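Student: Sharing a structure with you now.
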Amino acid sequence: GSFGSVYRARWISQDKEVAVKKLLKIEKEAEILSVLSHRNIIQFYGVILEPPNYGIVTEYASLGSLYDYINSNRSEEMDMDHIMTWATDVAKGMHYLHMEAPVKVIHRDLKSRNVVIAADGVLKICDFGASRFHNHTTHMSLVGTFPWMAPEVIQSLPVSETCDTYSYGVVLWEMLTREVPFKGLEGLQVAWLVVEKNERLTIPSSCPRSFAELLRQCWEADAKKRPSFKQIISILESMSNDTNLPDQCNSFLHNKAEWRCEIEATLERLKKLERDLSCKEQELKERERRLRMWEQKLTEQSNTPL
């Protein structure tokens, strides 16, 4: 997990496989998890309070993380039904956190590594180490991982639940492209590109229009314009009723060789943009250095007696 090591263990008295997340101390995550109960949220079993072995005990998701699945050969078998089912799983889990849980929770660190696959193939959202109970618009510290982070989170500005909508868009993009977001770019480079240049992940030109439009809505710079998860669930339901979409989507998924070059071309452009900026910064520093030397020389000359 993002905020502690996770181990597979056996709860002997219950004869059950569990996941144990080791922590230095029992943190807010345990308090958050203890009040949550939903099919698409990892199930909380309890805490370990024997110092120094603090930990959180949850259900064990035997098929690993969504990130590992997407970036393995297994993802080659993904079709539209698969993506729609999983996209809906995550959206329903997030809608529960925002609107139906005993307390409203903003996850703040939604990414494919924090979504796990249960033995029955159901997706479960986990790793609430960055989450906060939400009362009003909340100011939050810089956490999470840059490629999945909304611009306002990167800037440590006040955030609302739609920061999770932005992250959801990145997870959906991962499922559609089976690529690593902003692959090869450093975290701070991504932060600069997203915030200062308003760059977003490449949506291939052959991506079905309804998916492309949903991604763009999720990535709106203005957080108020992003859809809620209730709206996202409704959009996904409408897409499920589109009889033309399965053929379009499956054609897109199976022709990755044709559109992958678009993603790679954008990455090269972004890397060049970042390199050019670094060069300009170096040039400015060099100019400043020369100017200081020139000023120093003039000062020395003016102080030299005739």
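Student: Could you give the length gained by full extension between residue 261 and residue 76, i.e. 0.36 nm per residue of separation minus their alpha carbon distance, to one decimal place?
Tutor: Residue separation times 0.36 nm, minus the Cα-Cα distance, leaves 64.8 nm.
Student: Based on the alpha-carbon gyration tensor of the stretch 160-263 and its eigenvalue square roots a ≥ b ≥ c, which shape applies: rounded if a/c is under 1.5, prolate if not and a/b is larger than b/c, or oblate?
Tutor: It comes out oblate by the Cα gyration axes.
Student: Could you go through the stretch 44-50 in sequence order and give the Karplus-derived ³J(HN,Hα) for each residue, using 6.51 cos²θ - 1.76 cosθ + 1.60 with θ = phi - 60°, rounded to whole Hz, and x for Gly and Pro?
Tutor: Values per residue, Gly and Pro as x: 8, 10, x, 10, 9, 10, 8 Hz.
Student: Right, here's the next one. Around residue 55, which amide H atoms from residues at least 5 apart in sequence, or from another chain, sit under 5 Å from its own amide H, with H modelled in the peptide plane?
Tutor: Here the answer is 23, 48, since their amide H atoms fall under 5 Å of that of residue 55.
Student: Percent relative contact order of the chain, based on C-alpha pairs within less than 8 angstrom and at least six residues apart?
Tutor: RCO, the chain: 15 percent.
Student: Most exposed first by the Cβ proxy, i.e. fewest other Cβ within 10 Å, how do 68, 79, 222 rank? Intermediate results must be reported in sequence, preceding the final value.
Tutor: On the way: 68 15, 79 12, 222 9.
Going from least to most buried by this count: 222, 79, 68.
Student: Within the stretch 159-175, what residues put their amide N at less than 20 Å from the label point 7 Å along the Cα-to-Cβ vector of residue 216?
Tutor: In the stretch 159-175, the label zone of residue 216 (backbone N under 20 Å from the point 7 Å along Cα→Cβ) covers 165-175.
Student: Find the centroid of the Cα atoms in the stretch 253-306 and in the stretch 39-96, then give the distance between the two in whole Å.
Tutor: With the stretch 253-306 and the stretch 39-96 each reduced to a Cα centre, they are spaced 42 Å.
Student: List 115, 180 from most exposed to least, where exposure is judged by having the fewest other Cβ atoms within 10 Å.
Tutor: 180, 115
Student: Can you work out D for the chain in µm² s⁻¹ from Stokes-Einstein, where Rh is the Kirkwood radius over C-alpha pairs, the temperature is 20 °C and the viscosity is 1.002 mPa s?
Tutor: Approximately 100 µm²/s, per Stokes-Einstein.
Student: Taking the beta-carbon count within 10 Å as an exposure proxy, list 95, 38, 82 from fewest neighbours to most.
Tutor: In increasing order of surrounding Cβ atoms, one gets 82, 38, 95.
Rule-based calculations on the coordinates, nothing more; no lab input. Keep in mind that what you see is a predicted model, and the values were worked out from it rather than measured. All Cβ positions, even for glycine, are placed from backbone atoms using ideal geometry, and neighbour counts span all protein chains on display.
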